[in-house]
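What follows is a short report on a single structure.
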Amino acid sequence: MKILSVGWFQNISNTSLHRHWALDKYADEIDKVEAGTKKINLLFRIAYHLFQKGLPINLPDGTQANKKIMELVSKKSYDVVWIDKGVTINKNTLQFIKEYSPNTKIVSYSPDNMALRHNQSRNYLQCIPYYDFIFTNKSYILNDMKQLGAKNIQFIHNMYEDTFHYPRKLTSKDFDRLGGDVGFVGSWEEERCNSILYLAKNGIEVKVFGDGKWNDYKNASSNLIILPSIFSEDYSKALGAFKISLCFLRKMNFDQQTTRTMEIPACGGFMAAERTEEHLELFKENKEAVYFSSDKELLKLCNFYLSNENERKMIADAGLKRCLTSGYSNENTIKKMLEIINING
């Protein structure tokens, strides 16, 4: 199988790169095109905000990804063109693929809710009808995406990268630097911030790795430690170093699961996550993970499991085992996706 992989590859922590690694394992030949930049420039920001205001403005292609895709397609015959996120890929690029290489399957995947304006671009919306397959980890947007023109949309659960998210050997310095009783790694949102403040005000020590608005809460409580964001190996280490690792869902995306749903157990961490039907299906409650539906329930869970190390370890071990036996890794999940493309192609 010949694959052209288009995505955001510059950051080793980027899940787009992790999916590329998985594609590479199944391709006889693979080429890649970088569609992302390390820093978003002013022109991109202006175009994005104008689009959010309702103006028909495309996002600029700062890496010339569209040109590179067409050049490669004109030279090679690909079985699959895999476009990850794809907010700067243009309609005429997909039209070129259809005309020049009609047997090539064009595939879209994004970890974001692409039915919502803040995740979209005009480029992306115009491309939707030209994708042969669109994969999403949002089960609740299938009909919305069809209304936007999606021909064949498939739900697929979140994934973790087994060469990146795995239990690390932790030193005492690692535990001191990255661990703690209760921890969270991620961006600020009001609901999750309120939950963390509730824990801190009720005697639970919480460590947060995050930037931006988190900095406003550095002096909110003696039980709350705010530190800069962490990436790469430190990210995986922290998920395993916390006695309890919190998994919050992004409310603005209406998430039912998230990448941390898989990453925390995969790193050997004990996961306390928001209770949803999808979470309950992925990990058995009180066996492979624990769940909460309110701050009071979360506080009760933290108090109990911080005092019961054996139960905590049993659940963490079972969560890791579930990741392995259910095939939640990028490698296994990408394999399923490629099989869907082959069967329906």
| message | Placing unit charges on C-beta atoms (Lys and Arg positive, Asp and Glu negative, everything else neutral), compute the dipole magnitude of the stretch 118-162 about its Cα centre in debye, rounded to 20. | response | 280
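If you add up the charges near D174, with Lys and Arg at +1 and Asp and Glu at -1, over every other residue whose beta carbon is less than 12 angstrom from its beta carbon, what do you get?
+2
If I compute solvent accessible area with a 1.4 Å probe over the protein chains, what percent of it on the chain is carbon and sulfur? It would help to have the intermediate numbers written out before the result.
Numbers: 7880 of 15900 Å².
Of the solvent-accessible surface of the chain, carbon and sulfur hold 50 percent.
If you take the Cα atoms of the stretch 146-226, find Rg, then find the Kirkwood Rh from the mean of 1/r over all pairs, what is Rg/Rh?
Working: Rg = 17.9 Å, Rh = 15.6 Å.
Answer for the stretch 146-226: 1.15.
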| remark: Here the stretch 269-284 yields Karplus 3J(HN,Hα) values (6.51, -1.76, 1.60; θ = phi - 60°; whole Hz; Gly and Pro given as x) of x, 8, 9, 10, 10, 5, 7, 9, 4, 5, 4, 5, 6, 6, 9, 5
| field | Among T259, L249, S229 - extreme Cα towards positive end, dipole of the stretch 219-266, charges at beta-carbon | value | L249
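In Å², and per residue, what accessible area does the chain have when probed at 1.4 Å with the other protein chains present?
On the way: 15900 Å² over 345 residues.
Spelled out: the 1.4 Å probe surface of the chain, per residue, equals 46 Å².
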| message | Can you work out the Karplus-derived ³J(HN,Hα) for every residue in the stretch 295-312? Use 6.51 cos²θ - 1.76 cosθ + 1.60 with θ = phi - 60°, whole Hz, and x for glycine or proline. | response | 5, 5, 5, 4, 4, 4, 4, 4, 4, 5, 7, 5, 9, 10, 4, 4, 4, 4
| note | In degrees, nearest 10, the alpha-carbon axis of helix 190-201 is tilted away from the dominant principal axis of the alpha carbons of the chain by 20
| field | Within the stretch 58-142, trypsin sites (Lys or Arg not before Pro) in DSSP loop having at most 14 other beta-carbon neighbours inside 10 Å | value | K76
| request: Give the long-range amide H neighbours of F283: residues separated by 5 or more places, or on another chain, with amide H under 5 Å away, using H modelled in the peptide plane at 1.01 Å from N. | output: none
| request: Taking amide H positions as placed in the peptide plane 1.01 Å from N, state which residues far from V33 in sequence (5 or more) or on other chains have amide H under 5 Å from it. | output: S5, V6, G7
| message | At 7 Å along Cα-to-Cβ for each site, give me the label-to-label distance between I40 and R117 in nm. | response | 1.6
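Report, in debye and to the nearest 20, how large the dipole of the chain comes out about its Cα centre when Lys and Arg carry +1 and Asp and Glu carry -1 on their Cβ.
Result for the chain is approximately 580 debye, rounded to the nearest 20.
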| Which values of log₁₀ I(q)/I(0), to two decimal places, follow from the Debye formula for the stretch 259-345 at q = 0.11, 0.19, 0.25 Å⁻¹ with a uniform point scatterer at every Cα? | -0.35, -0.83, -1.22
| message | Suppose we look only past 18 Å in the calculated P(r) of the stretch 234-303. What percent of the Cα-Cα pairs does that tail hold? | response | 33
| query | When averaged across all projection directions, what area in nm² does the alpha-carbon convex hull of the stretch 1-63 cover? | reply | 5.2
| request: Kindly provide log₁₀ I(q)/I(0) values, in the same order as q = 0.10, 0.18 Å⁻¹, from the Debye equation applied to equal alpha-carbon scatterers of the stretch 1-155. | output: -0.33, -1.14
| query | Give or take rounding to whole Å, what are the principal axis extents of the alpha carbon atoms in the chain, in descending order? | reply | 63, 43, 38
| task | Would you tell me the accessible area of S232, worked out with a 1.4 angstrom probe on the heavy atoms of the protein chains, in Å² to the nearest 10? | result | 40
| Once phi is turned into θ = phi - 60°, what whole-Hz ³J(HN,Hα) does the Karplus curve with 6.51, -1.76 and 1.60 give for every residue of the stretch 330-342, x standing for Gly and Pro? | 4, 4, 6, 6, 4, 4, 4, 5, 5, 5, 4, 5, 5
| task | Enumerate the lysines that K146 could reach by cross-link, defined here as Cα to Cα under 16 Å, with residues fewer than 8 away along the same chain left out. | result | K138
| Cα-based convex hull volume of the stretch 38-77 per residue, rounded to whole Å³ | 88
| query | Between G180 and residues 5 or more places away or on another chain, which pairs have amide H atoms under 5 Å apart, with H built 1.01 Å from N, and which residues are they? | reply | F242, K243
| remark: Taking only the alpha carbons of the stretch 171-273, the radius of gyration and the largest Cα-Cα distance, Dmax, both in angstrom, are 12.7, 38
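The values are calculated or read from the model by the stated rules, or taken from the named source; none is laboratory data. What you see is a predicted model; the values in this text were computed from it and never measured. All Cβ positions, even for glycine, are placed from backbone atoms using ideal geometry, and neighbour counts span all protein chains on display. Surface areas here come from the heavy atoms of the whole protein model, side chains and all, with no ligands, DNA or RNA. Shrake-Rupley method; radii C 1.70, N 1.55, O 1.52, S 1.80 Å.
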